[in-house]
Amino acid sequence: MWAAELSCIFILFGATAGGGGWEPLGQPYFDNSTKREATAAVGQPAYLHCRVRNLADRAVSWIRKRDLHILTVGVHTYSSDARFAALHADGSDEWTLRVAPAQPRDSGVYECQVSTEPKISLSFRLTVVVSKAEILSGPELFVRAGSDINLTCVAKHAPDPPSFIYWYRGEQVVNYAQRGGISVETEQRTRTSRLLIARAAPHDSGNYTCAPSSSESASVIVHVLSGERPAAMQSSSPAKLQFDPTLWATVTTITSVHQHRSFLLKNVYLIIFQLSDSILYFIASIIGIVRHISNFGTRSGR
């Protein structure tokens, strides 16, 4: 009777007596609640987590699917590539494959295998992305002296929010103590950082770099221009120039006196006007007089 009661207790606790000692009942199985897709940035560690229940004395292996290369068995590495390692804590059901640092060639499918008969396996997909920062103003920025330098940096394709985003001017970190009017706002959730330099002066010109902790940096060349009509104003596009509305109105007035209004001629005037304010109306007047004389001669010849 006692033997029957003990047998029931052992069955309740999932164990049975055998010739080799106590053995758990049932077969190993995967805990499918773990994520089977992972994304990592180039240069950062990548992790694939495989959780196996009721493992007992079986071994867990990680296989690279594209070439069926055995990377790890248990906690031992079977690859000449030292970037691969298996992580496991005693008593845990989790067997983790770590790739550090991850490279683009590591993207692909990996299998977590258990040495049952027949073997069971579970596939995981790793994607390694190149995380790059982007400054939204473009590679070059023109700012009028006395206005603000406003730069926005976004860490694109970063798998996790950056722990920090530094701003540099040249090789030096932007120093808040050097002058007043400098502020930085960083939002980790949106992976965004904004640099504001109020009342910019020509000496604030330079190469500004945004450097997130887990992304490649991005730079912009800032030109702070003095004078009433700088060649270009702050713009969201590196190739877009914002002209003074008064200047455009002046050009339209001058060209309207001619018989043929030419868009090309307007742009020629604009280029000339951007060269120097001191010769602005002189050159425009000469061109207008020459054009008027030419048109008059043409009409007289008829």
Worksheet entry | Count of region 133-186 residues which are basic (Lys, Arg) and touching a Leu at 6+ places or on another chain (Cβ under 8 Å) | 1
Worksheet, complete the sentence: Among strands (runs of 3 or more DSSP E) entirely inside region 149-215, those with 1 or more residues being loosely packed, with under 14 Cβ neighbours inside 10 Å are 182-187, 206-212
Discussion item. Please go through region 66-102 and give me each residue that is exposed (fewer than 14 other Cβ atoms within 10 Å of the Cβ) and in contact (Cβ under 8 Å) with a residue 40 or more places away in the chain, ordered by number.
Written reply: ARG66
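Go through GLY91, GLY108 for me and flag whichever is modelled with pLDDT under 95 and at positive phi. Steps first, answer last, please.
Working: GLY108 fails: modelled with pLDDT under 95.
Criteria check complete, one pass: GLY91.
Does GLY146 count as part of a loop (DSSP other than H, G, I, E, B) and over 29 Å from the mean Cα position of the chain (by Cα)?
Numbers: part of a loop (DSSP other than H, G, I, E, B): yes; over 29 Å from the mean Cα position of the chain (by Cα): yes.
Yes: the conditions hold for GLY146.
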Worksheet item: What is the number of the single condition among (1) crowded, with 16+ Cβ neighbours inside 10 Å; (2) in a strand (DSSP E or B); (3) of a type outside the set (Gly, Ala, Ser) that VAL109 does not meet?
Response: (1)
Worksheet item: In region 31-57, what residues are surrounded by fewer than 17 Cβ atoms within 10 Å (Cβ to Cβ), of a type outside the set (S, T, N, Q) and over 12 Å from PHE124 (Cβ atoms)?
Response: ASP31, GLY43, PRO45, ARG53, ALA56, ASP57
Fill in: Any chance ALA40 is in contact with a Ser or Thr (Cβ under 7 Å, 6 or more places away or on another chain), outside any loop (DSSP other than H, G, I, E, B) and within 26 Å of ALA158 (Cβ to Cβ)
no
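Restricting the search to region 72-106, which residues are among the aliphatic types (A, V, I, L, M), part of a strand (DSSP E or B) and within 24 Å of the chain's Cα centre (by Cα)?
So in region 72-106, the residues among the aliphatic types (A, V, I, L, M) come out as 73, 75, 82, 85-87, 89, 97, 99-100, 102.
From the residues that got through so far, the ones that are part of a strand (DSSP E or B) too are 73, 85-87, 97, 99.
Listed by number, the list holds a single entry, VAL99.
Has region 108-116 got any residue that is farther than 16 Å from SER215 by Cβ, touching a residue at least 40 places away in the same chain (Cβ under 8 Å) and outside the structural domain of ILE70 (by TED's automatic domain parsing)?
Taking region 108-116 first, the residues farther than 16 Å from SER215 by Cβ are 108-116.
Now narrow it down to the ones that are touching a residue at least 40 places away in the same chain (Cβ under 8 Å): 108-116.
If we keep only those that are outside the structural domain of ILE70 (by TED's automatic domain parsing) as well, we get none.
No, region 108-116 contains no residue that is farther than 16 Å from SER215 by Cβ, touching a residue at least 40 places away in the same chain (Cβ under 8 Å) and outside the structural domain of ILE70 (by TED's automatic domain parsing).
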Discussion item. Condition (residue is touching a Ser or Thr at 6+ places or on another chain (Cβ under 9 Å) and modelled with pLDDT under 90) applied to region 199-214: is it met by at least one residue?
Written reply: yes
Worksheet item: Mind checking whether some residue in region 12-28 is closer than 22 Å to LEU122 by Cβ, under 40 Å from the mean Cα position of the chain (by Cα) and at pLDDT 85 or above?
Response: no
Practice prompt. Within region 122-134, count every residue that is within 15 Å of SER61 (Cα to Cα) and loosely packed, with under 14 Cβ neighbours inside 10 Å.
Written response: 1
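The values are calculated or read from the model by the stated rules, or taken from the named source; none is laboratory data. Because the structure is a prediction, the values reported are computed rather than measured. Note: ideal-geometry Cβ built from the backbone for every residue, glycine included; neighbour counts use all protein chains shown.
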